[in-house]
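Working notes, structure below.
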Amino acid sequence: MTSQTITAAASGTWELGDLTVNRIGFGTMRLPQHGEALTPGAVPRDRDQAVRVLRRAVELGVNHLDTAAFYFSPLRSANELINRALAPYPDDLVIATKVGPGRDPSGEWLPHAAPEQLRGQVEENLRQLGRDHLDVVNLRVVGTASIAERFGALAELREAGLIRHLGLSNVRPHHLAEALAIAPVVCVQNMYGVGASSEQREFLALCGEQRIAFVPFYAIAGAGRTAGASTDDSPQVHAVARAHGVGAAQVRLAWTLHQGPHVLAIPGTGDLGHLAQNVAAGALRLSEEELAALDLPPHGTA
């Protein structure tokens, strides 16, 4: 694969409501800093480098960015970088953000926003991005309790024109059902990757049946989570990577996209080379045999 010439269009498209996006997008969580993401004292990334990565992503056909106002390091915020790099925004660019969590200026986490605080979080994203509306706002959820009040508050902001489409992040099936009784949901962002549990797979399938985009986070990192790609990829992942002449991260991304036409990927990086490789993964086609092998336990044992 010649990753330098492959664009995000090779991954195919999906609709987030009335917005069409390429299935390979870009996650900005790691863009403001080096190393572990979302931790106080993270080392800021060079602003010019981050801007170059964002602009190159768009050049490579990426038109779906995932961000949040709480993605920031001591000197950089993801939203500020997006604004600096890409405003005035291309007409086809879809920026999805999320609300619920918050961090104080020092980076320490705050309690999740109450329903009446969500408008302030939405307006913070609008201000940082320089937009008069947000394309997609995901309600980030922790725990199993009802989300009706908070999702209802976002639905009101959608009716007011501040939000175009609504989504959910880190949720269970009952949360989705609860939200759908209030307003349309265009996407669900949940952890998902090679080795996903049967419950995770069932939820992914449920979203597909309802034509709701499923947007995995940590698809590359797996158990490594915010620390980045793990180094303990299974022999099956390495074997498929060798067969195609690509890296393990590209295999993980390709496997993710093979889980259904409604599955979108939002890998993030601050490295131009890794960006090209991630986008190129959208053109990687895995055989049924390879997909079956990747679904086996690490050593082929039950």
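The values are calculated or read from the model by the stated rules, or taken from the named source; none is laboratory data. From a predicted model like this one, the values you see are computed outputs, not experimental measurements. For neighbour counting, all protein chains shown are included, and Cβ atoms are generated from backbone atoms with ideal geometry for every residue, glycine included.
Brief remarks follow.
- Positions within the range 114-124 being out of contact with any Leu (no Cβ under 6 Å at 6 or more places or on another chain) and within 18 Å of F72 (Cα to Cα), in sequence order: G120, Q121, E123, E124
Here's the yes/no breakdown for (1) part of a helix (DSSP H, G or I); (2) of a type in the set (F, W, Y); (3) farther than 20 Å from G12 by Cβ:
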residue	(1), (2), (3)
Q250	yes, no, no
G270	no, no, yes
A276	yes, no, no
V279	yes, no, no
A293	yes, no, yes
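- For H64: the one exception among (1) within 26 Å of F214 (Cα to Cα); (2) out of contact with any Gly (no Cβ under 6 Å at 6 or more places or on another chain); (3) crowded, with 18+ Cβ neighbours inside 10 Å: (2)
- Number of positions in the range 73-100 that are touching a Pro at 6+ places or on another chain (Cβ under 9 Å) and not hydroxyl-bearing (S, T, Y): 6
- In the range 9-26, the residues that are among the charged types (D, E, K, R) and part of a loop (DSSP other than H, G, I, E, B): D18, R23
- Scanning the range 103-112 turns up no residue that is modelled with pLDDT of 95 or more and polar (S, T, N, Q).
- Top-ranked residue in the range 64-91 [being in contact with a Ser or Thr (Cβ under 8 Å, 6 or more places away or on another chain) and part of a loop (DSSP other than H, G, I, E, B); ranked as farthest from G107 (Cα to Cα)]: T67
- Hits in the range 166-180 (condition: crowded, with 19+ Cβ neighbours inside 10 Å and small (G, A, S)): G167, S169, A179
- Taking each residue of the range 127-152 that is within 18 Å of L180 (Cα to Cα) and looking for partners that are at pLDDT below 95 and surrounded by fewer than 17 Cβ atoms within 10 Å (Cβ to Cβ) with beta-carbon atoms closer than 8 Å, six or more apart or interchain, yields nothing.
- Among all residues of the range 73-93, there is none that is of a type in the set (V, I, T), within 17 Å of Q189 (Cβ to Cβ) and crowded, with 19+ Cβ neighbours inside 10 Å.
- Which numbered condition L54 misses (of (1) touching a residue at least 40 places away in the same chain (Cβ under 8 Å); (2) buried (at least 16 other Cβ atoms within 10 Å of the Cβ); (3) in contact with a strand residue (DSSP E or B) (Cβ under 9 Å, 6 or more places away or on another chain)): (1)
- Complete set of residues in the range 14-45 that are of a type in the set (S, T, N, Q), at pLDDT 90 or above and more than 14 Å from L65 (Cα to Cα): Q33
- Taken over the range 112-165, the residue count meeting the criterion of being among the hydroxyl-bearing types (S, T, Y) and either within 26 Å of V21 (Cβ to Cβ) or surrounded by 19 or more Cβ atoms within 10 Å (Cβ to Cβ) (or both) is 0.
- Residue selection: A223 satisfies the criterion of being farther than 26 Å from A85 by Cα, at pLDDT below 95, surrounded by fewer than 20 Cβ atoms within 10 Å (Cβ to Cβ) and aliphatic (A, V, I, L, M).
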